[in-house]
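Sending over a structure as structure tokens; questions will come in a sec.
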Amino acid sequence: MPDRKQRAGFDLVCELVFRPPAQLVARVLAPLRVPPPAVVLVGAATGFAAAAEVGRHAFLAGALLLQLKTLLDNADGQLARRTGQITSFGRYLDSESDLLVDAAVFAGLGVWIGPWVALAGFVLLTTVLSLNFNLERIYRGGPAGPGDGSLLARVYDAVYRPQDRFAEAVIRRPSRATVFVASNFGLSPQLLVLGVCLAIGHPLAYLVVLLGCTAVLAALISIDRGRHPS
């Protein structure tokens with residue numbers, strides 16, 4: 001079974017930086033029968049540790065932990081595909097733990113850049129990631145995906161369904177170029193850039209990056225809508 005997720009876009013940071021070491025992790029864990037959700041939970045714990053380090057101004061330690069979290073994020077999906085353990089439970093757990101870690105990291109940042117600025121950053125990141133996901137989904141013609149009735153599915157629907165509906169309202173027949181650009185604004189590149197900003201001691205610079213990502217996606221979606229007005 002292939003360990004690469006089929007996507008229309010190509011995430012350069014994910015594929016060139018994090019995927020190779022994540023493949024090694026998945027290959028080591030597969031014969032040990034480590035369940036992919038366990039890797040998700042370890043990755044989430046690493047993310048929360050990063051948030052704690054950011055909150056106490058240990059920016060370099062937080063940056064390094066975020067990169068380890070990203071590596072584990074890439075490894076859990078590869079492990080699931082390699083071992084044939086792809087489940088809706090794993091998908092929901094992965095998405096929801098990522099959201100909680102993002103919230104924790106921005107809460108840690110809020111100690112130093114102010115809570116309202118941090119909240120704005122969290123909203124921008126969530127918006128960019130939602131557009132990243134939905135541009136790919138709409139381009140491929142996939143549904144948002146019905147819940148399976150489990151608790152995690154209900155939480156997923158409550159959190160992400162409004163984002164999906166918003167994306168469906170603003171996105172109209174995205175071009176492949178738009179999908180490619182959006183694919184490079186995913187979580188792996190975001191956490192790498194945030195890590196760099198933390199490592200150099202300028203976390204506010206990351207908000208400028210987020211504003212730029214949002215502006216680029218808004219412009220591309222607007223262009224696509226102009227090409228397909230109905």
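In this structure, does T46 turn out to be in contact with a Leu (Cβ under 8 Å, 6 or more places away or on another chain), crowded, with 19+ Cβ neighbours inside 10 Å, within 30 Å of P115 (Cα to Cα) and free of Cβ contacts under 8 Å to residues at least 40 places away in the same chain? So that I can check it myself, show each step before the final result.
Details: in contact with a Leu (Cβ under 8 Å, 6 or more places away or on another chain): yes; crowded, with 19+ Cβ neighbours inside 10 Å: yes; within 30 Å of P115 (Cα to Cα): yes; free of Cβ contacts under 8 Å to residues at least 40 places away in the same chain: yes.
Taking the combined requirement at face value, the residue satisfies it.
Examine segment 55-65 for a residue that is modelled with pLDDT of 95 or more, within 21 Å of G90 (Cα to Cα) and either not in a helix (DSSP H, G or I) or not hydrophobic (A, V, I, L, M, F, W, C) (or both), and state whether such a residue exists.
Initially, segment 55-65 is screened for residues modelled with pLDDT of 95 or more, giving 55-65.
If we keep only those that are within 21 Å of G90 (Cα to Cα) as well, we get none.
No: zero hits.
The conditions are (1) over 21 Å from K69 (Cβ atoms); (2) out of contact with any Gly (no Cβ under 9 Å at 6 or more places or on another chain); (3) touching a residue at least 12 places away in the same chain (Cβ under 8 Å); (4) of a type in the set (G, A, S), and A169 fails exactly one of them. Which is it?
Result: A169 fails condition (3) only.
Let me ask something additional. Based on what the data block shows, is V179 of a type outside the set (K, R), assigned to a helix (DSSP H, G or I), in contact with a Leu (Cβ under 9 Å, 6 or more places away or on another chain) and over 26 Å from L68 (Cβ atoms)?
For V179, the condition - of a type outside the set (K, R), assigned to a helix (DSSP H, G or I), in contact with a Leu (Cβ under 9 Å, 6 or more places away or on another chain) and over 26 Å from L68 (Cβ atoms) - is met.
Given the structure, is S188 within 22 Å of L16 (Cβ to Cβ), assigned to a helix (DSSP H, G or I) and under 18 Å from the mean Cα position of the chain (by Cα)?
Working: within 22 Å of L16 (Cβ to Cβ): yes; assigned to a helix (DSSP H, G or I): yes; under 18 Å from the mean Cα position of the chain (by Cα): yes.
Judged against the criteria, S188 is a match.
Looking for something loosely packed, with under 13 Cβ neighbours inside 10 Å and in contact with a helix residue (DSSP H, G or I) (Cβ under 8 Å, 6 or more places away or on another chain) - is there at least one such residue anywhere in segment 151-172?
No, segment 151-172 contains no residue that is loosely packed, with under 13 Cβ neighbours inside 10 Å and in contact with a helix residue (DSSP H, G or I) (Cβ under 8 Å, 6 or more places away or on another chain).
Still on this structure, I have one more. Take the residues in segment 69-94 that are within 16 Å of the chain's Cα centre (by Cα) and either of a type in the set (G, A, S) or surrounded by fewer than 17 Cβ atoms within 10 Å (Cβ to Cβ) (or both), then tell me which one is nearest to A199 (Cα to Cα). Step through it out loud before you land on a result.
If we filter segment 69-94 for residues that are within 16 Å of the chain's Cα centre (by Cα), which is where we start, we get 69-78, 90-94.
From what's left, either of a type in the set (G, A, S) or surrounded by fewer than 17 Cβ atoms within 10 Å (Cβ to Cβ) (or both): 75, 77, 90.
Working: A75: 24, G77: 27, G90: 31 Å.
Taking the candidates together, the pick is A75.
Look at V117 and say whether it is surrounded by fewer than 19 Cβ atoms within 10 Å (Cβ to Cβ), part of a helix (DSSP H, G or I) and at pLDDT 95 or above.
Yes.
For every residue, the table says whether it meets (1) farther than 30 Å from I138 by Cβ; (2) in contact with a Pro (Cβ under 8 Å, 6 or more places away or on another chain); (3) not hydrophobic (A, V, I, L, M, F, W, C).
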position	(1), (2), (3)
V13	no, yes, no
P21	yes, no, yes
A44	no, no, no
E53	yes, no, yes
R56	yes, no, yes
F59	yes, yes, no
G84	no, no, yes
G90	no, yes, yes
L100	no, no, no
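If A38 satisfies every condition in (1) modelled with pLDDT of 95 or more; (2) touching a helix residue (DSSP H, G or I) at 6+ places or on another chain (Cβ under 8 Å); (3) surrounded by fewer than 21 Cβ atoms within 10 Å (Cβ to Cβ); (4) not in a loop (DSSP other than H, G, I, E, B) but one, which is the exception?
Against the list (1) modelled with pLDDT of 95 or more; (2) touching a helix residue (DSSP H, G or I) at 6+ places or on another chain (Cβ under 8 Å); (3) surrounded by fewer than 21 Cβ atoms within 10 Å (Cβ to Cβ); (4) not in a loop (DSSP other than H, G, I, E, B), A38 comes up short only on (2).
The values are calculated or read from the model by the stated rules, or taken from the named source; none is laboratory data. The structure presented is a predicted model; accordingly, all values stated were derived computationally and were not measured. Note: ideal-geometry Cβ built from the backbone for every residue, glycine included; neighbour counts use all protein chains shown.
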